[in-house]
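Taken together, the values in this text are just the output of simple stated rules run on the coordinates, not laboratory data. The structure displayed is predicted, hence computed values, not measured ones. Neighbour counts are summed over all protein chains in view; Cβ atoms, including those assigned to glycine, are modelled from backbone coordinates with ideal geometry.
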């Protein structure tokens with residue numbers, strides 16, 4: 001894989017998709033439909049998906065592509081592929097809370113190795129460089145020219161005073177009970193894959209997810225976190241979270257800075 005080309009293409013497509021998402025977001029009204037699993041989908045999800053999938057197929061025609069909005073791709077088999085969630089945090093989008101992201105990632109051998117997470121309403125852009133190092137780019141996010149970047153890295157976690165990030169839309173008692181096993185300095189909440197990025201930048205130390213997610217929800221954020229020195233492990237046995245599973249469904253997981261002293265489930 002030509003990682004330099006890959007990251008140029010992924011970043012540009014994320015920005016183009018973000019522009020279309022914000023165009024719809026700023027309308028007075030937009031239609032919301034329900035998919036077969038009762039999850040919501042909007043014109044923004046579909047328009048962003050069309051931009052990203054067309055661009056990836058043109059640039060990398062021989063690489064398997066899995067995208068949330070195209071059910072036909074969900075039967076693909078393999079451990080190396082491009083994976084897309086064109087609008088993660090659709091509920092945040094619908095309620096105009098801003099915590100939604102564009103997510104594009106490369107999985108190699110079951111491991112997310114490169115990714116882009118773009119939060120257009122927050123003007124935050126995270127990605128892995130060609131060498132795998134995670135960075136946050138500062139705006140104004142020109143399509144062809146990458147702006148100033150800063151390398152990001154996870155915190156040196158202080159287990160006597162951890163910062164924990166949890167979901168805005170999927171918080172439950174089981175999550176709170178697990179968080180209660182730690183000495184927590186403060187809690188923050190965020191939507192979509194931004195939670196991985198908050199751990200990647202050191203703004204949080206720990207993100208437990210005790211709820212249903214799919215690989216397209218997590219791959220880009222996982223890649224960014226790994227490129228910042230972080231880890232994502234299964235909740236049940238603390239082994240690394242792997243990708244290319246038969247149905248692309250994830251088990252419960254924990255994203256963390258390596259210095260966190262993990263507690264048993």
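Ordering of 19-26, 63-70, 102-109 by packing is 102-109, 63-70, 19-26, highest average first (other Cβ atoms within 10 Å, averaged per residue).
In the chain, the longest principal axis of the Cα atoms and the axis of helix 3-25 are about 80 degrees apart. Cα centroid distance between segment 221-265 and segment 77-152, in Å? Value for the Cα centre distance between the two parts: 18 Å.
How far is it, in nm, from the label point at residue 149 to the one at residue 173 when both lie 7 Å from their Cα along the line to the Cβ? The two pseudo-label positions are separated by 4.6 nm. Full extension of the chain segment joining residue 156 with residue 238 gains 27.5 nm, where the gain is 0.36 nm per residue of separation less the Cα-Cα distance. Summarising the label geometry, the points placed 7 Å from Cα in the beta-carbon direction at residue 79 and residue 249 lie 2.2 nm from one another. Counting other Cβ atoms within 10 Å as a rough exposure proxy, the listed residues 253, 30, 93 run 30, 253, 93 from fewest neighbours to most. Roughly what angle does helix 43-59 make with the longest principal axis of the chain, taking Cα atoms, 0 to 90 degrees, to the nearest 10? With both axes taken from Cα atoms, the answer is about 80 degrees. Could you work out the relative contact order of segment 123-176? I mean the mean sequence separation of Cα pairs under 8 Å and 6+ apart, divided by the number of residues, in percent. With pairs under 8 Å counted, the relative contact order is 22 percent.
Over all Cα atoms in segment 162-256, the spread is summed up by Rg and Dmax: 12.2, 39 Å. The base-10 log of I(q)/I(0) for segment 137-212, evaluated at q = 0.11, 0.22 Å⁻¹, reads -0.35, -0.97 [Debye formula, identical scatterers on Cα atoms, solvent excluded]. Within the set [x] 39; [y] 45; [z] 54, the number that percent of Cα pairs over 25 Å apart takes when calculated for this structure is listed as [x]. The modelled label-to-label distance for the pair residue 189/residue 28, using points 7 Å beyond Cα in the direction of Cβ, is 3.1 nm.
If R0 equals 45 Å, the separation of the Cβ atoms of residue 16 and residue 264 corresponds to a calculated FRET efficiency of about 0.50.
Relative contact order, whole percent, for segment 162-256 stands at 30, derived from Cα pairs under 8 Å and 6 or more residues apart. Mean sequence separation of contacting Cα pairs (under 8 Å, at least six apart), scaled by the length of the chain, corresponds to a relative contact order of 18 percent.
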